[in-house]
Amino acid sequence: MAAQVRNYPKLAADILELVGGEKNIANASRCATRLRLVLKNTPDQAKEQVSRLPGVITVVENSGQFQVVIGPHVGEVHEELLRIADVEAAEGGEHKASVVSRVIATMSAVFAPFVYILAAAGILQGALILTTMVWPAFEETGTHAVLSFMSWTPFTFLPIFIAITASKHFKVNTFVAVLCCAAIMNPTWNEIAGRIAQGESVSLFGIPLSQTVYTSTVLPPLLLVWLLSYLEKALSRRLTGAAQQIFVPLVSLLVMVPLTLLVVGPVAAGAANGLSDGFNYLVQNVPVVAALLYGGLIQVAVIFGIHWGFLPVALANHAQYGFDASQAYQSAAVIAQVGAVIGVFLKTRNRELKGIAGSAAIPGFFGITEPTIYGVTLRLKRPFIYGCLSGAIGAAVMTFFGTVYYAFAGLPGFLTIVNAESPGTPSLLGAIVGCAVAFILAMALTYFVGFNDPVEELGADVTAPGTQAAAEVTVAAPAAPGSAAATLTAAGTQVATVTAPLGGRVVAMSDVPDPVFASGAMGGGVAIDPTDTRVYAPFDGTVVTVLKSKHAIGLRGDNGMELLIHVGLDTVALEGRGFTQHVNAKDKVKAGDLLLEFDPAVIREAGYSLITPVVVTNSKKYGQVVGEVGAMVNPGEVVARVLAKDSDA
């Protein structure tokens with residue numbers, strides 16, 4: 001590695017020249033340590049030549065990007081590059097993920113922001129059902145009528161919600177997207193579609209129109225906005241100034257609405273109905289098989305973030321038939337995971353795990369199982385399997401009662417069981433029995449069959465008040481003769497420890513699937529495969545930098561240690577989606593202060609690893625950084641020990 005320089009204008013200019021100039025750069029972005037260039041063509045020897053530039057650590061070509069690893073000063077080089085070259089800037093470059101990964105990421109980006117709106121409306125529908133069961137005359141009142149249309153509002157106008165979130169995902173003018181989606185929902189079109197359904201022939205530009213209506217639909221507005229993104233970009237390149245402001249919305253409206261009514265809408269609606277019809281075929285002909293598969297595997301889908309892909313099926317069923325079985329089965333699966341985590345809470349003797357299990361169970365009662373899965377059941381493996389098995393059995397039990405949901409459940413679970421109520425049917429009874437079986441069976445399997453309960457640290461119960469816990473003592477215990485720890489300790493005296501900013505399993509830096517981190521070019525340290533979703537300050541110090549993409553944070557401790565915490569690999573491409581920042585640059589922090597939060601589902605859905613490198617970026621000031629590889633740690637526990645150089649010992 002060449003010596004570091006501070007002449008950022010020269011470094012930026014040299015990089016620009018060696019990669020073929022500004023005309024060869026499609027996009028220039030950066031993360032915590034890398035200048036990420038998307039090149040139209042990679043010149044011969046560019047990688048080797050840029051690697052040799054003073055101030056460049058190395059160059060990595062990955063995921064369609066030419067990544068120049070510079071280190072903490074990459075921001076200055078990025079700014080200088082944008083100043084001297086006319087290139088498109090983005091906080092995250094394009095990542096060429098698989099088609100499946102992109103579809104799932106799109107579903108998550110579109111539905112995640114407003115799924116709680118659907119959940120709130122679903123709970124209101126459930127409350128109306130429950131009230132009507134107790135007080136049948138209430139259904140005839142004006143109060144019921146008003147509350148009922150309120151509860152159906154987000155489903156009726158679902159294309160508008162999709163237009164807003166999809167426009168942000170596809171980088172389209174939100175107002176134009178809403179305009180086009182509102183047009184296909186216009187009551188006049190619904191009237192025309194009704195006339196077509198009755199046999200009247202209505203044509204647009206001489207082409208017969210179909211009877212498809214677009215209230216409560218998912219795929220038609222989603223595809224409309226996706227196609228609009230290409231049209232808008234093409235128009236914006238050809239129009240400027242006032243002409244762009246007027247004619248982009250006008251041409252978009254004139255092109256996209258007819259295109260949707262004639263082609264996109266009927267095809268997309270047919271595809272969505274085809275998916276729901278396929279699922280319903282299984283429910284009607286082999287209901288037990290359908291329930292076992294859905295109830296047993298939907299929480300596995302949550303792990304990989306692909307559960308969003310099933311949402312259009314439920315919405316299409318409610319729009320087309322007025323009921324849906326998939327969400328009833330999902331309720332059993334959700335409740336089973338809660339039962340498993342309650343079993344862990346009752347069984348474990350590990351105080352830390354008991355606390356985590358108790359906390360994770362609370363959101364589970366509201367239909368949110370990510371904390372349950374990531375924090376407890378999947379971490380322990382067996383409880384997750386018990387939960388999946390019990391969810392499958394509970395869903396299968398429902399089929400004997402013909403259980404379906406008659407009101408949409410944004411977050412299926414305990415609160416939505418009442419959505420199965422329909423007068424004169426045993427549907428609600430089946431939901432209650434099936435969910436009870438799922439909950440009790442998962443809890444019983446977890447408690448009686450058991451799991452590998454993590455044993456608490458010896459001495460954790462006898463730490464005197466006001467003294468350090470055993471895990472935080474900086475003097476290492478004597479190592480076995482000839483062991484790796486003994487050899488490393490002999491090479492230098494311990495001068496500091498690195499504590500975990502988040503909980504998880506400690507991974508050797510050399511095992512990180514990223515050549516820059518794995519090579520140690522950024523500095524010594526470890527990585528953590530996280531079980532937590534919160535990142536805490538590991539020491540007292542100052543926040544040096546927080547990237548706009550929020551995925552990485554640089555700290556400088558009061559003891560002089562400089563630390564980079566990089567949540568996930570290549571997560572800069574998410575552009576901040578899935579991350580919540582709690583501190584800013586120059587903020588003073590104390591050990592244990594919350595720095596940022598992240599949603600592991602969003603990261604997984606985009607196809608990225610959650611492995612989080614924790615790098616001592618000024619480790620050359622010290623000797624070796626020896627990690628506690630393989631250990632399961634909680635925030636604040638030691639993950640690595642920093643040794644002095646031989647000459648300093």
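The values are calculated or read from the model by the stated rules, or taken from the named source; none is laboratory data. A quick note: this is a predicted structure, and the numbers were derived from the prediction, not measured. Quick reminder, even Gly has a Cβ in these numbers, built from the backbone with ideal geometry, and neighbours come from all protein chains shown. Only protein heavy atoms, including side chains, enter the accessible area calculation; ligands, DNA and RNA are left aside. Shrake-Rupley method; radii C 1.70, N 1.55, O 1.52, S 1.80 Å.
Modelled label positions at residue 23 and residue 632, each set 7 Å beyond Cα in the direction of Cβ, lie 5.9 nm from each other.
Available extension along the chain between residue 143 and residue 352 is 70.4 nm, counting 0.36 nm per residue and deducting the alpha carbon span. Which of rounded, prolate or oblate describes the range 8-85 when judged by the alpha-carbon gyration tensor and an a/c cut-off of 1.5? It comes out rounded by the Cα gyration axes.
Computing FRET efficiency as 1/(1 + (r/R0)^6) for residue 211 and residue 425, where r is the C-beta to C-beta distance and R0 is 45 Å, gives about 0.90. In the range 494-643, the portion of solvent-accessible area held by carbon and sulfur atoms comes to 46 percent [1.4 Å probe, whole percent, DNA, RNA and ligands not counted]. Please identify which residues in the range 253-274 have an amide N closer than 16 Å to a label point set 7 Å out from the Cα of residue 320, following the Cα→Cβ vector. The answer is 265-274, whose backbone nitrogens lie closer than 16 Å to the label point. Using R0 = 60 Å, the C-beta based FRET efficiency linking residue 587 and residue 453 works out to 0.95.
From most to least packed by mean Cβ count within 10 Å, the peptides 198-206, 276-284 give 276-284, 198-206.
Given the alternatives (1) 30.2; (2) 35.7; (3) 28.4, mean projected area of the Cα convex hull in nm² as computed for this entry is given by (2). Exceedance of the 25 Å cut-off in Cα-Cα distance is limited, within the set 548/620; 40/550; 23/586; 548/590; 550/621; 40/171, to 548/620; 40/550; 23/586; 550/621. PRE reach from residue 381 (point 7 Å along Cα→Cβ): which of the range 601-626 fall under 11 Å by backbone N? From the range 601-626, the list is empty. Accessible area per residue for the chain, computed on protein heavy atoms with a 1.4 Å probe, is 45 Å². Working note: Karplus 6.51/-1.76/1.60 with θ = phi - 60° gives the range 421-426 the couplings 6, 8, x, x, 10, x Hz, where Gly and Pro are set to x.
The peptide list 384-392, 231-239, 8-16, 609-617, put in order of mean Cβ contacts within 10 Å with the highest first, becomes 384-392, 609-617, 8-16, 231-239. Multiplying the residue separation of residue 244 and residue 116 by 0.36 nm and removing their Cα-Cα distance gives an extension gain of 42.5 nm.
The simple spin-label model puts a point 7 Å past each Cα toward its Cβ; for residue 233 and residue 186 those points are separated by 2.9 nm.
Considering only the other residues whose Cβ falls under 12 Å of the Cβ of residue 618, what net charge follows from Lys and Arg at +1 and Asp and Glu at -1? Neighbour charge sum, excluding residue 618 itself: +2. Between the amide H of residue 56 and those of 2, distances stay under 5 Å, these residues lying 5 or more places away or on another chain, with hydrogens modeled in the peptide plane. Measure out, as a whole number of angstrom, how far apart the alpha-carbon centroids of the range 242-321 and the range 585-639 sit. So the two Cα centres are separated by 39 Å.
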